[in-house]
Amino acid sequence: MMKTLLLSLGLLLLAACCCNAIPSSLQFSAFPVNCCFDVSNQSIPLKFVSKITPTHRSCQNKAFIVKTIKGKTTCYSGTNRWAMNAYKKLHGSRP
């Protein structure tokens, strides 16, 4: 009876350790990362922008991903003045 209890507690502890480690190990491989390879220089009116996000830090090119209210996605360089100002207006801060 005691061996069964100790074995069960040991397996429970092992499972808890493994479950805690899984999210950190899957952080980079399980979630798709959107990176930009081509960027636009053509600004659009801010009223047509539904979302603007900076690219992930693992991307080679730092950029902003802009999604319009019609669902079109366009990339802008991370140094593009229009994109930086649009991000500040929509988020109230720098990326």
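Rule-based calculations on the coordinates, nothing more; no lab input. What you see is a predicted model, and the numbers here were worked out from it, not measured in a lab. Reconstructed Cβ throughout: ideal geometry from the backbone, glycine too, with neighbour counts over all protein chains shown.
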Which lysines, if any, have their Cα less than 25 Å from the Cα of Lys70, not counting same-chain residues under 8 positions apart? Lys47, Lys51, Lys62, Lys88, Lys89
Ordered by packing density, taken as the mean number of other Cβ atoms within 10 Å over each peptide's residues, highest first, how do 71-80, 34-43 rank? 71-80, 34-43
